[in-house]
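What follows is a single structure, written as structure tokens, with notes after it.
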Amino acid sequence: MAIFTITGEVDPFLHVSLNKGERIYCESDAMVMMEDTLDLTGKMTGGLGSALMRRFANGESFFQQHIEATRGAGDCLLSPVLPGTIQVLEVGATRYMLSDGAFVAAESGVDLRVRSQSLGNALFAQSGGFFVGEATGKGQLAVSGFGSGFMLDVEPGKDVIIDNSHVVAWDSQLHYEISVPGQQGGGLLSRMLNSVTSGEGIVLRFSGRGRVVICSRNRNAFSSWIRSGASASG
């Protein structure tokens, strides 16, 4: 079994230790360093159809990096695209849904696929369009968010409201829907006005039992800033 360890406090690395014959896969360009007992190849994980679906669902690269310990045990260091937190999740009895760009790496036993979501969530929640990523199978999964990270427990009868731009991953058994912040029972116009004045916009309401991984910084604002910077420099 591969060992996933987070090392470093500011913009940490994901340190992965592999025994001979073990392999992982990760997002394109995630590999920073690896020992020479490991081999690195680029592959379309799951075939052409799966690669296309992940590209549209989560904005992941068409080709992913596959790292295998072919000549003996070895270590590698991986780094996510976004500056900030890395969280390691155990996939098995719990399946996780992933927001855009959250995937960093996974053991070979984890299957990263896509599934459809409701029209309302697809249009407004900004969590992957009409399709959203889902991690199934068994093994460790590393996800990243912008800024610091926090693991939030949701319990029945205690719904949690989260700005969708701060959601990284969540238990697939949780129910989630778009919502407009405001007092319960208030009219739609009143709640829309509150949304504008509070600056929160659309949020996600989670209910049921499970965990949600959140990050401290707005991922969409950072992505917009990166795109605008790239446009200006071009």
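Filtered by the rule that a residue be crowded, with 19+ Cβ neighbours inside 10 Å and farther than 11 Å from Glu134 by Cβ, region 83-99 gives Gly84, Thr85, Ile86, Gln87, Leu89, Ser99. Restricting attention to region 8-30, the residues that are assigned to a loop (DSSP other than H, G, I, E, B) and either within 13 Å of Gly42 (Cβ to Cβ) or among the β-branched types (Val, Ile, Thr) (or both) total 5. In region 105-114, the condition of being in a strand (DSSP E or B), at pLDDT below 80 and either under 22 Å from Lys43 (Cβ atoms) or within 14 Å of the chain's Cα centre (by Cα) (or both) is met by at least one residue. Every residue in region 88-110 that is of a type in the set (D, E, K, R) and in contact with a strand residue (DSSP E or B) (Cβ under 6 Å, 6 or more places away or on another chain), please. Answer for region 88-110, where residues must be of a type in the set (D, E, K, R) and in contact with a strand residue (DSSP E or B) (Cβ under 6 Å, 6 or more places away or on another chain): Arg95, Glu107. In the set (1) more than 21 Å from Gly208 (Cα to Cα); (2) modelled with pLDDT under 95, the condition left unmet by Met97 is number (1). Evaluation of Leu119 against the conditions (1) under 21 Å from Ala2 (Cβ atoms); (2) at pLDDT below 85 shows that the sole unmet condition is (1).
Being under 16 Å from the mean Cα position of the chain (by Cα), at pLDDT below 75 and farther than 19 Å from Val213 by Cα holds for only one residue in Gly129, Gly185, and it is Gly129. I need the full set of residues from region 130-181 which are of a type in the set (Phe, Trp, Tyr) and part of a strand (DSSP E or B), in order please. Matches in region 130-181: Phe131, Phe150, Trp170, Tyr176. Considering region 2-27, the residues that are under 18 Å from Gln65 (Cα atoms) and among the acidic types (Asp, Glu) include one that is surrounded by the most Cβ atoms within 10 Å (Cβ to Cβ), namely Glu27.
The values are calculated or read from the model by the stated rules, or taken from the named source; none is laboratory data. For clarity, every value in this text was computed on a predicted model and none was experimentally measured. Virtual Cβ from ideal backbone geometry, glycine too; neighbours counted across all protein chains shown.
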